[in-house]
Amino acid sequence: MIVEHYPMTVGGEDVRNEYGLLARIEDGPLMASAESVRYLILHCSATRADRDYTAEQLVKDHRRRGFRTGGYHFYVRRDGTLTQFRGLLEVGAHCRPYNRCSIGICYEGGLDGEVRPADTRTPQQTEQLRALFGKLKRLFPQARICGHRDLPGALPKACPCLDAATVFGE
């Protein structure tokens with residue numbers, strides 16, 4: 001079980017409390033307000049579960065695509081390590097046309113050993129994701145938990161390879 005102790009370190013920075021996550025604003029455009037956050041969108045990195053895909057690799061790949069940094073707000077590695085790339089009210093780059101009203105959370109994996117879409121979460125990832133969704137729902141009670149694949153008008157894909165609303169208690 002993950003026990004929260006403050007201050008905690010997220011992405012190499014100390015956070016005094018969960019509201020401190022709101023203050024982590026980089027240099028990107030901001031959403032209008034906390035009420036703007038209508039979706040908490042789960043993604044998978046679409047990488048093989050038996051291969052490492054570090055936060056640094058993700059940022060490098062996203063920069064290659066023209067993003068300033070990682071497009072997601074949060075990234076959860078297989079060992080449960082959590083990295084925050086964007087401030088909570090900073091507009092993400094993870095699910096067009098929902099970027100201005102959502103927070104993007106990505107877990108490492110999503111492809112099995114045969115490179116087929118699959119729910120490849122580890123127990124550590126599931127635990128970290130449950131804790132993260134719990135914090136985010138307290139901050140944004142109006143937001144709906146969903147997967148990328150569940151949003152009409154978004155790029156069609158299997159991501160995140162599970163029913164996020166059911167698994168994370170919508």
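Observations on the structure shown:
- Residues of the range 49-60 that are surrounded by 15 or more Cβ atoms within 10 Å (Cβ to Cβ) and at pLDDT 95 or above: Tyr53, Ala55, Leu58, Val59.
- The lone criterion from (1) of a type in the set (Phe, Trp, Tyr); (2) modelled with pLDDT under 95; (3) crowded, with 22+ Cβ neighbours inside 10 Å left unmet by Tyr107 is number (2).
- Index of the failed condition, Arg121 passing every other in (1) under 11 Å from the mean Cα position of the chain (by Cα); (2) open to solvent by 30 Å² or more (accessible area, probe 1.4 Å); (3) not hydrophobic (A, V, I, L, M, F, W, C): (1)
- Some residue of the range 137-152 being out of contact with any helix residue (DSSP H, G or I) (no Cβ under 8 Å at 6 or more places or on another chain) and among the aromatic types (Phe, Trp, Tyr): no
Yes/no per residue for (1) surrounded by fewer than 17 Cβ atoms within 10 Å (Cβ to Cβ); (2) modelled with pLDDT of 95 or more; (3) more than 23 Å from Thr120 (Cα to Cα); (4) of a type in the set (D, E, K, R):
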| site | (1), (2), (3), (4) |
| --- | --- |
| Val15 | no, no, yes, no |
| Tyr19 | yes, no, yes, no |
| Ala32 | yes, no, yes, no |
| Cys44 | no, yes, no, no |
| Arg65 | yes, no, yes, yes |
| His73 | no, yes, no, no |
| Leu82 | no, yes, no, no |
| Arg86 | no, no, yes, yes |
| Ser102 | no, yes, yes, no |
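The values are calculated or read from the model by the stated rules, or taken from the named source; none is laboratory data. Remember, predicted model here, so these are calculated numbers, not experimental data. Here Cβ is always computed from backbone atoms with ideal geometry, including for glycine, and neighbour counts include all displayed protein chains. Ligands, DNA and RNA are stripped out before the accessible areas are found, and what is left, the full protein with its side chains, is counted by its heavy atoms. Shrake-Rupley method; radii C 1.70, N 1.55, O 1.52, S 1.80 Å.
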